[in-house]
């Protein structure tokens, strides 16, 4: 596909519906629409004002196939920044495809995934961070994810990044003036003033980076594994968190043979939840594979729900799991004493040394609210509310801010060591380049292509 191509795609979800929208964007969009749509008034579509819904006939091979609406959006006042037309027809599967094929017959080409939003970015209608927010909004499954992808949340992030960028840019300008014209004394800031502003930039970058734990937990999700020996209630806990019977629950040990996965909301936190096979010496080839997969998922997890039967004493398998948990200091470990509806044998103190938190519940008869509140306490900051301040929600953004913070720290060290100003200037330039990646000021084509490849066709 070339940037000069006029593209078209169905922008509504696939399948039968009340209406469907076919979107056309590019230099020839108006001409293609004129050949696909005839207003009932007999006037050409171009005779109507921009952004005015026009009723008429949708054509295929010069014959009417449906009644519908067409709206023109002249460049640059359109979503993509190009000439754009949206044709609205009835939402039949065959009919919608027929309308799209007619746009191809008249000169349009099939849009790639995310191509409309990508053109909006290329044409300066959207920053890269705002384009990413559009993608997250389309994929949002929780209220918190929607708030984090909302325009005001993106405005807050872009505002803070822009403020830090401006601060560093003014410092760099002062340094360059001093480097290029030392005899003119054009540098507006003293060394102490420059160090003070670098420390301010460092503080703001560190504060922004600290929001990523919360943003990551909400937007990207925490890989979470439910593990334990057979028949302790792992699948019951999985079903409780899913809000439906996704896993088979029986009194027979070893019912779950493979890893079950689902994305679920645990309060405001998104969990990439896995229910695993019971950890024990496998008795069959199928169970052995399931146990091996379980152990692999445990190694990849950021959060572990280790389930123990509170109505029975610890077994060898339980003790082996506790030893494994004690060695995992790199993850959040929540010990869950399940089956509290039965007489208790285990106490929280029996498993607490190997866990960060211990919670008692009955997965079969209880509710998940206490567990959700615990997970929120572990991963969300009380000072950070989605939609009300700048929050980093993507790994790409966090990596850029981290590089910028490291460069600013290096610039401070260069001044403290008495190096020439051009050494610190080089560090500040690299910090600016890293921050520029967030909005798309400076970003590689490979990164842009990867971001938009995850969009649906028609957006």
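The values are calculated or read from the model by the stated rules, or taken from the named source; none is laboratory data. Computed from a predicted model, the values in this text were never measured in an experiment. Every residue, glycine as well, gets a Cβ built from its backbone with ideal geometry; the counts of neighbours run over all protein chains shown.
The table that follows gives values for the structure above.
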| read-out | value |
| --- | --- |
| Test: residue 20 is in contact (Cβ under 8 Å) with a residue 40 or more places away in the chain and either in a loop (DSSP other than H, G, I, E, B) or surrounded by 13 or more Cβ atoms within 10 Å (Cβ to Cβ) (or both) | yes |
| Members of region 115-150 found to be over 19 Å from residue 85 (Cβ atoms) and outside any helix (DSSP H, G or I), listed by number | 124, 126, 127, 140, 141, 142, 150 |
| Set 71, 161: member being at pLDDT 90 or above and surrounded by fewer than 23 Cβ atoms within 10 Å (Cβ to Cβ) | 71 |
| Residue in region 187-203 that is under 21 Å from residue 379 (Cβ atoms), surrounded by fewer than 17 Cβ atoms within 10 Å (Cβ to Cβ) and either in contact with a strand residue (DSSP E or B) (Cβ under 7 Å, 6 or more places away or on another chain) or modelled with pLDDT of 90 or more (or both) present | no |
| From the options 101, 115, residue that is under 30 Å from residue 62 (Cα atoms), touching a strand residue (DSSP E or B) at 6+ places or on another chain (Cβ under 8 Å) and surrounded by fewer than 16 Cβ atoms within 10 Å (Cβ to Cβ) | 101 |
| Residue within region 81-92 that is assigned to a helix (DSSP H, G or I), modelled with pLDDT under 95 and farther than 12 Å from residue 29 by Cα present | no |
| Selected residue (criterion: surrounded by the most Cβ atoms within 10 Å (Cβ to Cβ)) from residues of region 326-352 that are in a helix (DSSP H, G or I) and at pLDDT 90 or above | 350 |
| Residue in region 225-233 that is at pLDDT 80 or above, assigned by TED's automatic domain parsing to the domain that holds residue 343, within 25 Å of the chain's Cα centre (by Cα) and within 19 Å of residue 338 (Cβ to Cβ) present | yes |
